[in-house]
Amino acid sequence: MLALKLLLVPSFLILITLAGRRWGPGIAGWLAGLPVSAGPILFIVALEQGSVFAASAAAASLAAVASTIVFCAVYSHASQRFAWPGALSITAAVWLGAVSLLARLPTSTPLSLGLAASALLVAPTLFPAQRELVAARNMSLAELALRALAGALLTLAVSLSAARIGSAWSGLLTTYPVLGSVLAVFSHRNHGATFVNVLLRSMATGMYSFATFFLTLALLLAEYGTATAFSVAAVASLGAQLATLKFKDLRLRSPD
């Protein structure tokens with residue numbers, strides 16, 4: 001399990017980074033909406049704590065789609081005025097405030113679905129106006145390694161914390177945008193605020209697959225068990241991700 005935590009997310013971070021270099025931040029952000037971080041962490045929680053506990057956590061994770069979209073929008077705006085340390089600090093504080101409010105709500109799949117759907121619908125209006133992109137620069141193997149290391153450390157910290165708290169906070173904490181944080185910080189530092197805005201706006205679009213994944217788990221885990229629920233959720237999530245392709249503006253890419 002430790003190997004899964006330490007290898008899966010960093011590997012996907014490298015793939016997203018390379019996709020962003022080839023096809024631009026729009027595609028990179030869209031891919032980052034997949035539940036690559038939160039999904040494996042919740043799978044581990046389900047194995048350790050049981051499917052009933054995990055179903056409750058999945059409902060909380062579904063509600064946390066709203067807090068992830070808040071993260072994306074706040075970082076996009078903060079990056080217009082601050083360097084990455086300030087932007088990340090402000091965004092992390094706002095995200096923590098958002099999940100603290102969500103933790104006070106009753107664990108309810110219909111309520112979580114309503115919050116997630118509302119956030120997804122209003123998300124396009126929350127971001128700064130888009131400006132023209134500049135070309136992304138080449139990156140070294142050392143920078144790719146730093147991104148992978150940052151992803152591994154964040155994933156390990158989140159998963160260890162999630163296993164020691166109740167189902168609601170566990171579900172909320174597993175949705176901390178590990179991929180979004182690492183991609184936003186490195187992109188902001190290397191390519192500027194406009195690049196970050198495209199990436200995080202596209203990540204919000206990709207969150208439809210994230211919401212589908214956790215809605216499926218919340219509905220199926222308690223009755224059908226871990227293996228079946230996660231298998232169906234993975235297929236449904238990929239279907240939702242492909243469905244959003246027609247809403248993606250593929251012109252949101254940096255020029256070659």
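Every number here is computed from the coordinates shown, using simple stated rules; none is lab data. Because the structure is predicted, anything quoted here is derived from the model rather than measured. No Cβ is skipped: glycine too gets one built from the backbone with ideal geometry, and neighbour counts run over all protein chains shown.
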Requested in this report: For an R0 of 35 angstrom, estimate the FRET efficiency from the Cβ-Cβ distance between Tyr224 and Ser100 and round to the nearest 0.05.
Outcome: 0.65
Requested in this report: Could you tell me whether region 1-131 comes out rounded, prolate or oblate from its Cα gyration tensor? Rule is a ≥ b ≥ c as square roots of the eigenvalues, rounded for a/c under 1.5, then prolate if a/b exceeds b/c, otherwise oblate.
Outcome: oblate
Requested in this report: Return, ordered by residue number, the residues of region 65-86 whose backbone nitrogen is under 19 Å from a label point located 7 Å along Cα→Cβ of Leu149.
Outcome: 85
Query raised in the report: What length, rounded to one decimal in nm, is gained on full extension from Leu242 through to Ser118, with 0.36 nm per residue of separation minus their alpha-carbon distance?
Result: 42.6 nm
**Report entry** Cβ-based exposure ranking for Thr226, Thr212, in which fewest neighbours within 10 Å come first
**Finding:** Thr226, Thr212
Query raised in the report: Among Ile27, Ile41, Ile69, Ile90, what is the fewest-to-most ranking by other Cβ atoms within 10 Å?
Result: Ile90, Ile27, Ile69, Ile41
Query raised in the report: When a footprinting reagent is the concern and you count Cβ atoms within 10 Å, what order do Leu245, Leu199 take, fewest first?
Result: Leu245, Leu199
Query raised in the report: Leu18 to Ser89: extension gain in nm, 0.36 nm per residue of separation minus the Cα-Cα distance?
Result: 22.9 nm
